[in-house]
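Asks: Structure in structure tokens, see below.
The values are calculated or read from the model by the stated rules, or taken from the named source; none is laboratory data. Bear in mind that the values here come from a model prediction, so they are computed numbers and not experimental data. Glycine also receives a Cβ, built like all others from the backbone with ideal geometry; neighbour counts cover every protein chain displayed.
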């Protein structure tokens, strides 16, 4: 089962990192959550050459929901679809790289969830005023340690549904 394989691979990476850095701890999870949230809302977060958030928003509209959840460790998406498998795997790879650069141990991590919330209330902390820029959206990354402590980061921006006629596709795709 691929879910157990990912967890086993992460534990192996963590064990190797632990031998290099005996001071690693859970405190890095807050920074990892923030870095992942930053990447998730950035224009570099693309899927098939287009901005992934717009595609997630279009999917949410198709499904009649306001929220899409990606369980990064289990490689599952809710509502269930395989359309974003590549995106989920990219988030896992990014988390592994960020953790390795910070000496964090993945065997301390029990859960990693990215929640994309669409059509939320406008909040000046996260959104630009003006409907021409799209609708308010939030990205919440929650990491849960083996001790049950949650580390989270919330960021937001304004988005529109995916429209290939209005968007530029990344070159060399």
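Asks: Residue check: is residue 100 modelled with pLDDT under 95, under 16 Å from residue 40 (Cβ atoms) and surrounded by fewer than 18 Cβ atoms within 10 Å (Cβ to Cβ)? Can you show your working first?
Replies: On the way: modelled with pLDDT under 95: yes; under 16 Å from residue 40 (Cβ atoms): no; surrounded by fewer than 18 Cβ atoms within 10 Å (Cβ to Cβ): yes.
Criteria not met by residue 100.
Asks: Could you check residue 95 against (1) more than 11 Å from the chain's Cα centre (by Cα); (2) closer than 18 Å to residue 149 by Cβ; (3) outside any loop (DSSP other than H, G, I, E, B); (4) modelled with pLDDT under 95 and say which number it fails?
Replies: (1)
To keep it simple, each residue is scored yes or no on (1) closer than 27 Å to residue 28 by Cβ; (2) part of a strand (DSSP E or B); (3) within 18 Å of the chain's Cα centre (by Cα); (4) in contact (Cβ under 8 Å) with a residue 40 or more places away in the chain.
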{"site": "60", "(1), (2), (3), (4)": "no, no, yes, yes"}
{"site": "80", "(1), (2), (3), (4)": "no, no, yes, no"}
{"site": "83", "(1), (2), (3), (4)": "no, no, yes, no"}
{"site": "91", "(1), (2), (3), (4)": "yes, no, yes, yes"}
{"site": "100", "(1), (2), (3), (4)": "yes, no, yes, yes"}
{"site": "107", "(1), (2), (3), (4)": "yes, no, no, yes"}
{"site": "141", "(1), (2), (3), (4)": "yes, yes, yes, yes"}
{"site": "152", "(1), (2), (3), (4)": "yes, yes, yes, yes"}
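Asks: Right, here's the next one. For residue 68, which of the numbered conditions (1) at pLDDT 95 or above; (2) part of a loop (DSSP other than H, G, I, E, B) fails to hold?
Replies: So residue 68 meets the others, but not (2).
Asks: Still on this structure, please answer the following. Any idea which residue in the stretch 109-118 is nearest to the chain's Cα centre (by Cα), counting only those that are more than 13 Å from residue 33 (Cβ to Cβ) and free of Cβ contacts under 8 Å to residues at least 60 places away in the same chain? I'd like the intermediate steps shown before the answer.
Replies: Within the stretch 109-118, the first condition is being more than 13 Å from residue 33 (Cβ to Cβ), and the residues that meet it are 110, 116-118.
Filter once more, keeping what is free of Cβ contacts under 8 Å to residues at least 60 places away in the same chain: 110, 117.
On the way: 110: 16, 117: 12 Å.
Out of the qualifying residues, it is 117.
Asks: Do we have residue 120 as modelled with pLDDT of 85 or more, at negative phi, part of a loop (DSSP other than H, G, I, E, B) and in contact with a strand residue (DSSP E or B) (Cβ under 9 Å, 6 or more places away or on another chain) here?
Replies: In short, yes.
Asks: Quick one: residue 89 ticks every box in (1) closer than 18 Å to residue 140 by Cα; (2) loosely packed, with under 15 Cβ neighbours inside 10 Å; (3) modelled with pLDDT under 90 except a single one, so which number is it?
Replies: Failed condition: (3).
Asks: Continuing with this model, one more query. Looking at this structure, is residue 44 out of contact with any strand residue (DSSP E or B) (no Cβ under 7 Å at 6 or more places or on another chain) and over 25 Å from residue 135 (Cα atoms)?
Replies: No; evaluated as a whole, the condition is false for this residue.
Asks: Another question, if that's okay. Let me confirm something: among 59, 106, 137, 129, which residue is farther than 17 Å from residue 33 by Cα, modelled with pLDDT under 95 and surrounded by 19 or more Cβ atoms within 10 Å (Cβ to Cβ)?
Replies: Every option except 137 fails the conditions.
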